[in-house]
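Working notes for the structure below.
The values are calculated or read from the model by the stated rules, or taken from the named source; none is laboratory data. Every value quoted in this text rests on a predicted model; they were computed, and no experiment measured them. Here the Cβ positions follow ideal geometry from the backbone for every residue, glycine too, while neighbour counts run over all protein chains shown. To get the accessible areas, we keep the full protein, side chains included, count just its heavy atoms, and leave off ligands, DNA and RNA. Shrake-Rupley method; radii C 1.70, N 1.55, O 1.52, S 1.80 Å.
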Amino acid sequence: MNKHFAALDFDKILERLAAQTSCPDAYDMAMELVPSKDLESAKILLSETVDAYVLLAKFGGPSFGGLKNVNGLMHIASSGGILSMKDLLDCASTLRAIRALRDWYNQCESMETCINKYFNALIPHMSVEERIFFCILSEEEMADEASPELSDIRKALRRQENKIREQLDHIVHSQHYQTALQDAIVTMRNGRYVVPVKREHKGEVAGVVQDTSDSGATVFIEPMSVVEANNEIRVLQSKERDEMERILAELSAMVGDVYEETKKSYEAAIVLNFIFAKAQLAYAMKASEPILNDEGVIDIKGARHPLIDPKTVVATDIRLGEDFDTLVITGPNTGGKTVSIKTIGLLSLMAASGLMIPVADNSRMAIFKDVFADIGDDQSIEQSLSTFSAHMTNIVDIIKRADSHSLCLIDELGAGTDPVEGAALAISVLERLASQGAKVAATTHYAELKAYALQTPRVENGCCEFNVDTLSPTYRLLIGAPGRSNAFAISERLGMPGAVVDRARELVSAENSQFEDVIEQLESSRIAMESEHEKALELSAQAQAEKARAEELRDSVEKLKNDEIEKARSEAMKIVEQARREAAAFLDDIDRLKKERKNSSDLSQLSADAKSVIKRHQGTLDDITNPIVALAQEEDYVLPRDLVVGDTVVIADLGTTATVSALPDKKGMVEVTSGIMKSRTPLSNLRLLEGQKKKETGGTRSVKRTMTSKSDLAVKTSIDLRGMASDEAILELDRFIDMQLRLGIEEFTVIHGKGTGVLRKEVGKYLSKNPHVKEHRLGTFGEGEDGVTIVKMK
């Protein structure tokens, strides 16, 4: 592997990626992954990973189990070779895995993704797969049903074997042979059924000696009675082998016929396994999709080094390439400087390889043509290279190869030699790389580089935060402020005598001390600003929470109000509908009585009484549908002034207007006049209307009146009078017309039939005299002709 990639631990990322694969070829593909050098290729690779990531989230992962590289075996089969049962089972396993992948894809609701082309390249061959699994049960066993011929042969074999066993069982259990047999068992030698006979009695059992025991005490004799049967078994076994060979040849030919398509399908399946392994790794790292660019801009938020334990890793923000091209990171040892530049390089390589990276959403990552890293101690005794020499060798190589499409990461730049010369060399190296257009991140302890970053355009300081009180780093990268070595503070905390530390401070130059003091002031200011910023964020969050609660309360009140209004409206409608149904039932009773009574004067009186009842209840219905909202609910109402005789007021609990005719007495009772009625009411029950906009009834609630009970009134547009006597028919017609008037029906049909015409004439006479009928006529063709009368109401 590229030594610069290895220095950034990219090989360990590839090992984690390979562990997510399911088959050897995909594993090799993962281990051989090389970052792209151009933006478009990286975007394509990343899009594939993101699409697989989305599919995993929506449908779960597809199974790649059983996928094996059988290209060589299938090529042999396509060339006419015969595969073994094990080889055929491997081929069927791969065919099944390909079919399972295609079936999984078909269930993904036809989502449009950039990896659809790989799924579409999968061509299942279910018939070949099922045929192999039907014929072959295991690596060493073929099913009887593989062919009718094989089934017949094996049936014959079993019959013959049973026949031999019966004959031999008769021998071993016979009293005649008890003394001659070593054991009363039937066994096999050289593929033939035999019995064990004592050597000294072998002449007593007629047959062929097939074998002898190691001790020589037992001979295995094939009795003459089963020699022919054993020969038949050998013949059948030979036929069985030939048939099995024929079946294997047939299956191999089927496999050979699908070789080319299966080879392409397998290659697509391997790529899919590799892509889904990248998506699985993204889930394991809790990674997200970066926004890629080729402008050298890195702006990653909440970046976490993927190889550090997620429970302990500290997320940090890193910028490079937009406001500045060179980042100089300073601070104490073990503070996280090296981890910071490794994080930059490793995440860049991962993004260029199409991997999602462990950063916050909307992070930007550049794709570089080359990533160079000089990290670690490469000293070599064999090559006579010191630490400094080894670093310089790497840096010389980096300077030769770096350009505007390069990212250069250098750890402890200029270390390992005289500090003055080392600092000067480090500045010179940074200037040279900057002049070549490279993006650079370097770590150092030199104060000169801190000053250089402060004074030089497109160069920025950075530091890894360190808590002096706990003597531990926070591992947060802070861009814009140089770091302090904190050597004196750490030494004091570790117990170094104060006199020694003070003397050391005296030995430090005044300029260096002033510079460190400035850094300390900057650090204090930064901490104070961060504290204020956190407080502001907290207050903002509280305000947002209060706003959300207020909006929630408003919505709940509005919903409650609407629910109450709807509830009241629903109850009012139920009351109205009930009243109308009762009125309709009452009228139905009247109509029923009309049929039963013959006295027309009594009927008229009964109808008049019914109408009177309805009118009497009409006011009650209006009160139900338009209730008065009691003004008495206004508990906090106070009269704007004292009442005087003649004031116009509203009696709150009645909702009616009245005039004050007498002032309140000692008990607070006021005499009011409403129309011709005088009454006394409490002062608190009155509302003064003078000087105010008159409230009609303290506000009314309008209820829409609807006649939803038409179905209850049995709405019809025709009446059938056939079979009725004339008087009965006229009474029924009169009731029906009354019903039509109440329902607002303008036209209906009277069915009286043709017959003798008597009923038609009586109906015509009645309709001519009825004041509610506008006109009537006999039906035309298609309406019933003379058998019906069409009536139009006024």
Of all residues making up segment 101-139, the number that are more than 25 Å from residue 354 (Cβ to Cβ) and either among the aliphatic types (A, V, I, L, M) or in contact with a Ser or Thr (Cβ under 6 Å, 6 or more places away or on another chain) (or both): 6
Failed item, numbered, when residue 235 is tested on (1) more than 24 Å from residue 150 (Cα to Cα); (2) open to solvent by 60 Å² or more (accessible area, probe 1.4 Å): (1)
Residues (within 20 Å of residue 739 (Cα to Cα) and surrounded by 14 or more Cβ atoms within 10 Å (Cβ to Cβ)) located in segment 763-781: 763, 764, 766, 767, 770, 773, 776
Any hit, segment 18-26, residues being out of contact with any helix residue (DSSP H, G or I) (no Cβ under 6 Å at 6 or more places or on another chain) and charged (D, E, K, R): no
Any hit, segment 457-468, residues being in a helix (DSSP H, G or I) and at pLDDT 90 or above: no
Boolean, residue 49 is modelled with pLDDT of 95 or more and among the β-branched types (Val, Ile, Thr): yes
Segment 131-151, subset among the small types (Gly, Ala, Ser) and open to solvent by less than 40 Å² (accessible area, probe 1.4 Å), residue farthest from residue 95 (Cα to Cα): 151
Residues satisfying the stated conditions in segment 218-230, i.e. more than 11 Å from residue 195 (Cα to Cα), free of Cβ contacts under 8 Å to residues at least 60 places away in the same chain and open to solvent by less than 60 Å² (accessible area, probe 1.4 Å): 227
Count - residues of segment 524-551 that are among the acidic types (Asp, Glu) and modelled with pLDDT under 85: 4
Top-ranked residue in segment 88-118 [being in a loop (DSSP other than H, G, I, E, B) and either of a type in the set (A, V, I, L, M) or touching a strand residue (DSSP E or B) at 6+ places or on another chain (Cβ under 6 Å) (or both); ranked as farthest from residue 274 (Cα to Cα)]: 111
Number of the condition not met by residue 345 [criteria: (1) out of contact with any Lys or Arg (no Cβ under 9 Å at 6 or more places or on another chain); (2) of a type outside the set (A, V, I, L, M, F, W, C); (3) more than 24 Å from residue 434 (Cα to Cα)]: (3)
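Okay, residues lined up against (1) in contact with a strand residue (DSSP E or B) (Cβ under 6 Å, 6 or more places away or on another chain); (2) more than 21 Å from residue 477 (Cα to Cα); (3) modelled with pLDDT of 90 or more:
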site	(1), (2), (3)
318	yes, no, yes
327	yes, no, yes
337	yes, no, no
388	no, yes, no
The listed residue being open to solvent by less than 50 Å² (accessible area, probe 1.4 Å) and either modelled with pLDDT of 95 or more or assigned to a helix (DSSP H, G or I) (or both), out of 415, 351: 351
Residue ID - farthest from residue 157 (Cα to Cα), chosen from residues in segment 189-204 that are outside any loop (DSSP other than H, G, I, E, B) and open to solvent by 80 Å² or more (accessible area, probe 1.4 Å): 200
Counted residues, segment 152-188 - those being loosely packed, with under 15 Cβ neighbours inside 10 Å and in a loop (DSSP other than H, G, I, E, B): 7
Among (1) polar (S, T, N, Q); (2) modelled with pLDDT under 65; (3) open to solvent by 60 Å² or more (accessible area, probe 1.4 Å); (4) over 30 Å from residue 321 (Cα atoms) - the single one residue 521 does not satisfy: (4)
